[in-house]
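Trainee: One structure, pasted below without further comment.
The values are calculated or read from the model by the stated rules, or taken from the named source; none is laboratory data. Source: prediction; values computed, not measured. Cβ coordinates were reconstructed from backbone atoms using ideal geometry, including for glycine residues, and neighbour counts include every protein chain displayed.
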Amino acid sequence: MAHVSASGMGGMRTAGDLVARMQISRGMKIKEAKEYVANKLRVSILDLSDPVVMGELRKDLNIGTVATLIGGARGIEAKFRIAELLGIEINCVNMFKDRIK
Amino acid sequence: MGKIYTKMGDGSVTELSESELKRDLEEATRDAAERGKIPPLSEDELSHLFDIYSSAARFVGVDCGNEVVLTYDNGGCKSRGHIMEVPLHKVQEAQIYEKFLGADSADIGHIDYSFKPVKAVVDFEQRSLEYALLVMTIPVFYGSQPNLGSYTQPDGPCPNPMELLPQGRISEARAAQEEMMEYATRDMVYVGSKMYESGVDGINFDTTAAAGDADFLATLRAVEILKRKHPQIGIMVGMAGEFVLGMHGELTYNGVRLAGLYPHKQVELVEKAGATIFGPTINTNTGKSCAWNVARAITFVKACIENSNIPIHPNMGMGMGGVPMTALPPVDVVSRASKAMVEIGRIDGL
């Protein structure tokens, strides 16, 4: 918890999970990963770690929120949108698509 | 300025004068530079560290906009009945990390947290993972340790090198480790492939090289094979200690001898094998101050960052990266280690 508060991006409270995806899937360094996500979301680097800005944006984009919205995207559904938004392949999303073909 | 309230590497309280703090920082970076044959921290960096550790604040943090990505290694098993006595399923624990704790990624794993025992229950692990992937939004790793030691008799198939070495049976000890490597690599590839086929975002090879150079080589080979089989797979390799123990002593990867490698050299091989994230570990010295430990850790990590093209997430749990070796690390020193590592080490995550 101390690390989350001192230096963490904030996960789903912000854009932490999206930046993490670029590191895990593309091996991007933090600067490049943040710029990539900020560019895709059309926000500033500072906005990526702001829970108010990102909370509203996540709601608008329907990519999963901490407080689940009625009818809002959850789990795998949110990841379908994240894959499209970031232009990346998400393994479990691709498998889900294959299974319902 | 009066005495500076801080902690030792074992978590106990200590007080340092300004000159003692400066001396600790200078000594520590010199120690790392000499051991690793790497540059020490600059005057500006030491001055920044001094400011962080001389602050009277209980809690410190990075400047806005400098936040980094957090990855984990607990396998969703910290809450289990016999550890914390909160009886949660591993997927529920991962969901708590996601929804309550602001985690950027999650880690699912077996309670034993080693690849060998997972092999026997891999289908149960896949079910948990597949459920987690349905209900969670943040990226999910499947984590386990290479744990070469689990392949020795009487629990495993190979003679125990730790029994052979004291008897002077060096060649037999080496042969045993080479046999253990074959089993371990096969198990890591088997489990990693199963998890990838279940949809995982990445595999976390945690506490790599705990059993020395053979442990490291078995992991590098597994990473290489997994990456070749599944080019899209995310792979994080986190280390067990700051240099690779030469329990075998003659093993090489890509022409480089593994025994004695420090993080800035470890990362070259991990990257070459195909990993997408590297987690260096710098051991905490319990007899030195946390400031001493952080200055030393950052010196190693900075060299590692400068020598890598993939993200670097140093291990900063208890007993590593300047965090005290205690079950309940105090937030004043954890937050200082966190801020210092991000702002001076220029890390990509932790």
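Trainee: From B:Asp44, B:Asp31, grab the single residue that is within 16 Å of B:Gly322 (Cβ to Cβ) and not hydroxyl-bearing (Ser, Thr, Tyr).
Mentor: B:Asp31
Trainee: Another one. Sort out which residues of the range B:319-350 are part of a loop (DSSP other than H, G, I, E, B), over 24 Å from B:Thr276 (Cα atoms) and of a type in the set (A, V, I, L, M, F, W, C), and write them in order of number.
Mentor: Residues satisfying the conditions are B:Val323, B:Met325, B:Ala327, B:Leu328.
Trainee: Note down all Cβ pairs under 8 Å where the first residue falls in the range B:1-29 and is in contact (Cβ under 8 Å) with a residue 60 or more places away in the chain, the second is of a type in the set (Lys, Arg), and they're at least six residues apart or on different chains.
Mentor: Correct list of pairs: B:Met8/B:Lys288; B:Gly9/B:Lys288; B:Thr14/B:Lys7; B:Leu16/B:Lys3; B:Asp24/B:Lys288; B:Ala28/B:Lys288; B:Ala28/B:Arg296; B:Thr29/B:Arg296.
Trainee: Among the residues of the range A:59-75, write down those that are more than 21 Å from A:Arg26 (Cβ to Cβ) and surrounded by 14 or more Cβ atoms within 10 Å (Cβ to Cβ).
Mentor: Correct list: A:Lys59, A:Asn62, A:Thr65, A:Val66, A:Gly72, A:Ala73, A:Arg74, A:Gly75.
Trainee: Out of the residues in the range B:182-226 that are within 11 Å of chain A (Cβ to nearest Cβ) and surrounded by fewer than 24 Cβ atoms within 10 Å (Cβ to Cβ), which is nearest to B:Val140 (Cα to Cα)?
Mentor: B:Gly199
Trainee: Could you check the range B:234-252 and list, in sequence order, the residues that are farther than 17 Å from B:Asn283 by Cα and in a strand (DSSP E or B)?
Mentor: Within the range B:234-252, B:Gly234, B:Ile235, B:Met236, B:Thr252 meet the criteria.
Trainee: Out of B:Ala327, B:Ala259, I need the residue that is farther than 20 Å from A:Ser7 by Cβ, surrounded by fewer than 24 Cβ atoms within 10 Å (Cβ to Cβ), more than 13 Å from every other protein chain (Cβ to nearest Cβ) and at pLDDT below 95. Which one?
Mentor: Unique residue meeting the criteria: B:Ala327.
Trainee: Name the residues in the range A:84-101 that are crowded, with 19+ Cβ neighbours inside 10 Å and within 11 Å of chain B (Cβ to nearest Cβ), would you?
Mentor: The answer is A:Ile90, A:Asn91, A:Cys92, A:Val93.
Trainee: Name the residues in the range A:66-83 that are within 9 Å of chain B (Cβ to nearest Cβ) and under 11 Å from the mean Cα position of the chain (by Cα), would you?
Mentor: A:Ala78, A:Lys79, A:Ile82
Trainee: Only one of these is in contact with a Lys or Arg (Cβ under 7 Å, 6 or more places away or on another chain) and within 25 Å of A:Lys34 (Cβ to Cβ): B:Gly322, B:Gly274, B:Gly317. Name it.
Mentor: B:Gly274
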